[in-house]
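> Starting off with a structure, shown below.
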Amino acid sequence: MSVLRDDFLWGGAIAANQVEGAWNLDGKGLSVADVAVFKPNLDVTDYAGHNTVTTAMIETAMATDDAKDYPKRRGIDFYHHYEEDIALFAEMGFKTLRLSIAWSRLFPTGEEEVANVAGLAFYKKVFEELKKHDIEPIVTLSHYEMPLALSLKYNGWVDRAVISHFTRFAECCFEAFGQYVTYWLTFNEIDSVGRHPFTTAGIIPDQCQAYSLEKAVYQALHHQYLAAAIATQKCHQMIPGSQVGSMLTKLTTYPHTCHPEDVALALAQNLDNYSHSDIQIFGKYPVLHLKRLQAKGVAPDMEAGDEELLANGRADYLAFSYYMSRTESADPELEKTAGNTIMSVKNPYLASTDWGWQIDPVGLRISLLELYDRYQVPLIIVENGMGAKDTIEADGSIHDPYRISYLKAHIEEMKKAVAMGVDLFGYTSWAPIDLISVSTSQMSKRYGYIYVDQDDLGKGSLERRPKDSFYWYQKVIQSNGDELD
Ligand code: BG6
């Protein structure tokens with residue numbers, strides 16, 4: 001008998017900007033993802049420089065119609081392959097698919113009063129297709145793809161004006177797709193504004209005249225919390241029975257040693273990570289977090305009524321991504337490694353992926369227990385997976401035991417947490433099909449159960465091909481997580 005609930009939502013997660021392609025078709029406007037440049041030689045010991053975006057870089061990107069250096073423009077052409085891809089997800093037995101709606105496909109500059117009809121028609125077709133296969137959609141409104149025009153005009157979410165543009169977009173989605181979608185997420189990994197301000201919030205650092213970049217980050221975050229609260233209220237009003245979640249990158253941080261300074265540093269990191277879901281689930285800023293921002297002079301400017309808004313627009317559930325744990329130390333000399341767009345001290349007990357991310361299944365159990373104990377709202381894991389290079393054998397098969405062993409170990413730990421009482425209603429791995437990496441825009445960093453024939457330069461037939469993990473996941477779903485071997 002499975003420890004998981006009978007209606008457990010097994011599936012996978014994708015994002016519009018990493019799969020759709022069709023960046024300039026049928027009226028779509030440019031998004032921040034369409035100017036993200038290919039980074040083949042990412043140094044896993046340096047994420048800091050890698051996230052730098054300048055006005056000049058954006059202008060260079062806008063001057064070309066070529067997708068060669070901007071792989072998110074082409075994605076994996078889900079725009080034209082969605083029927084085939086959804087049929088493959090259905091063949092694996094998916095109960096759910098987490099996907100996002102490209103804001104600039106509906107509102108090309110973000111400021112239009114009326115949505116682009118062709119954009120609405122595309123998503124309607126996708127939702128119809130999911131319905132045909134009995135796959136429940138979980139929809140993220142904003143997954144690293146805000147209209148570029150809003151970023152350029154307002155320096156992204158730094159300007160409060162963006163809230164009303166987002167609200168119009170959200171209301172449009174609720175109205176058009178409310179008949180298909182019960183589960184919504186407002187902002188993907190809302191905590192990531194600090195790690196990549198441009199990707200998550202459209203902030204161009206060299207445009208931060210009025211504020212320091214750090215203050216701009218907290219101002220943008222404040223506006224996103226408000227926008228999420230407004231969208232949550234509207235969604236509840238417009239779609240009876242709808243559920244709106246907060247979405248966090250769960251960056252569980254361990255102290256490198258039991259030296260009190262290491263412990264204090266790890267605690268600070270964990271509290272910082274929690275501050276975002278605290279605001280969205282408890283409906284208010286944590287006291288110590290706000291005092292820290294005030295002491296540094298980077299607390300956001302707030303207006304009368306903001307506190308009420310946050311209190312009245314609390315999230316119904318908490319979704320999170322989990323790829324790895326982190327380690328902190330007071331010793332600056334220790335070896336560092338990369339993680340999900342963040343650097344950490346290397347944990348001597350853990351192996352790493354080729355991209356330096358530390359593999360820690362037990363950390364998922366710890367994360368689930370911590371999150372449920374803190375929030376006591378339903379949880380869902382909406383991203384978990386391993387980026388790896390895959391090889392096609394002469395007979396066309398693709399053996400990916402490393403991916404199976406990563407996922408198996410994480411699902412085992414997930415089940416242990418559920419057996420201890422955690423209310424978990426689903427698991428969507430990242431990503432069920434190979435797609436363009438967020439951090440590097442590489443295609444060769446593959447996550448899928450389904451191989452896509454395309455290389456880093458965009459060459460290939462785009463043919464889809466199941467890997468060994470495809471058949472493994474099919475059995476996992478069939479047995480509701482009991483058969484993991
Ligand atoms: C998550 C993002 O943080 O990490 C995804 O929500 C992303 O969009 C995933 O793809 C994996 O990161 P990367 O850089 O390997 O694509």
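> Residue by residue through segment 313-325, which ³J(HN,Hα) values in whole Hz follow from phi under the Karplus form 6.51 cos²θ - 1.76 cosθ + 1.60 (θ = phi - 60°), with glycine and proline marked x?
Going residue by residue, I get x, 6, 6, 7, 8, 10, 9, 8, 9, 9, 10, 6, 9 Hz, with x marking Gly and Pro.
> Using amide H atoms built 1.01 Å from N in the peptide plane, name the residues 5+ places from LYS336, or on other chains, whose amide H lies under 5 Å from its own.
Those lying under 5 Å, H to H, from LYS336 are LYS346.
> Could you give the accessible area per residue of segment 9-479, probe 1.4 Å, as a whole number in Å²?
On the way: 17120 Å² over 471 residues.
I get 36 Å² per residue for segment 9-479.
> Going by a ≥ b ≥ c, the root eigenvalues of the Cα gyration tensor, does segment 203-309 fall in the rounded group (a/c under 1.5), the prolate group (a/b larger than b/c) or the oblate group?
On the way: a/c = 2.16, a/b = 1.34, b/c = 1.61.
Note, shape of segment 203-309 comes out oblate.
> Over the residues of segment 9-479, compute the C-alpha Rg and express it relative to 2.2 N^0.38 Å.
0.91
> Can you find, among PHE282, ALA268, MET420, the residue farthest towards the positive end of the dipole of segment 9-479? Put +1 on the C-beta of Lys and Arg, -1 on that of Asp and Glu.
Result: MET420, furthest along the dipole toward the positive end.
> Among the lysines, select those whose C-alpha is under 20 Å from the C-alpha of LYS284, and discard any that sit fewer than 8 residues away in the same chain.
Counting by Cα, and skipping residues close in sequence, LYS284 has these lysines nearby: LYS215, LYS234, LYS250, LYS296.
> Given the options HIS222, PHE169, ASN312, identify the residue whose Cα lies farthest towards the positive end of the charge dipole of the chain (+1 on Cβ of Lys, Arg; -1 on Cβ of Asp, Glu).
Final value for the positive-end residue is ASN312.
> I would also like to ask the following. Residues of segment 334-362 with backbone nitrogen within less than 15 Å of a virtual label 7 Å along the Cα-to-Cβ line of LEU484, please, listed as ranges.
Flagged as within label range: 360-362.
> Now, a different point. Any chance you could run the full-extension gain for SER397 through LEU288? It's 0.36 nm times the residue separation minus the Cα-Cα distance, nm to one decimal.
Length difference between fully extended and current span is 33.9 nm.
> Relative contact order for segment 389-485 using alpha-carbon pairs under 8 Å, separation at least 6, rounded to a whole percent?
Relative contact order of segment 389-485: 26 percent.
> How much length is gained if the chain between CYS258 and ALA210 is pulled fully straight, taking 0.36 nm per residue apart and subtracting their Cα-Cα distance, in nm to one decimal?
Full-extension gain reported as 13.1 nm.
> Also, I was wondering about something else. So, R0 is 25 Å and r is the distance between the beta-carbons of ALA295 and MET343; what FRET efficiency does that work out to, to 0.05?
0.50
> Which of the aspartates and glutamates could a cross-linker span from LYS459 if the Cα-Cα distance has to be under 14 Å and same-chain partners fewer than 8 positions apart are dropped?
Straight-distance partners of LYS459: ASP66, ASP69, ASP77.
> Show me the ranking of peptides 228-234, 366-372 by mean Cβ neighbours inside 10 Å, starting with the highest.
228-234, 366-372
> Points 7 angstrom from Cα along the Cβ direction at THR54 and LEU25: gap in nanometres?
3.5
> Test of understanding: what is the full-extension gain from MET420 to VAL37, defined as 0.36 nm times their sequence separation minus their Cα-Cα distance?
133.5 nm
> Taking the Cβ-Cβ separation of GLU171 and ALA304 as r and a Förster radius of 22 Å, what is the calculated FRET efficiency to the nearest 0.05? All intermediate terms of the calculation are to be shown ahead of the outcome.
On the way: r = 24 Å, r/R0 = 1.08.
Approximately 0.40, to the nearest 0.05.
> Let's test the formula: R0 of 30 Å, r as the Cβ-Cβ distance of SER461 and ASP354. What FRET efficiency results, to the nearest 0.05?
Numbers: r = 25 Å, r/R0 = 0.84.
After rounding, the FRET efficiency stands at 0.75.
> Determine the distance separating the Cα centre of segment 50-80 from the Cα centre of segment 128-204; give it in Å without decimals.
19
> Here's a follow-up. For segment 9-479, what's the relative contact order in percent, using C-alpha pairs closer than 8 Å and at least 6 residues apart?
Contact order relative to length: 18 percent.
> If you roll a 1.4 angstrom probe over the protein chains with everything in place, what fraction of the accessible area of the chain belongs to carbon and sulfur, to the nearest %?
53
> Does segment 190-265 come out rounded, prolate or oblate by the C-alpha gyration tensor, with a ≥ b ≥ c the root eigenvalues, rounded set by a/c under 1.5 and, if not, prolate when a/b is larger than b/c and oblate if not?
oblate
The values are calculated or read from the model by the stated rules, or taken from the named source; none is laboratory data. Note that this is a predicted model, so its numbers are computed, not measured. When we count neighbours, we look across all protein chains shown, and the Cβ atoms used for this are built from the backbone with ideal geometry, even at glycine. Note: areas computed on protein heavy atoms with side chains; ligands, DNA, RNA excluded. Shrake-Rupley method; radii C 1.70, N 1.55, O 1.52, S 1.80 Å.
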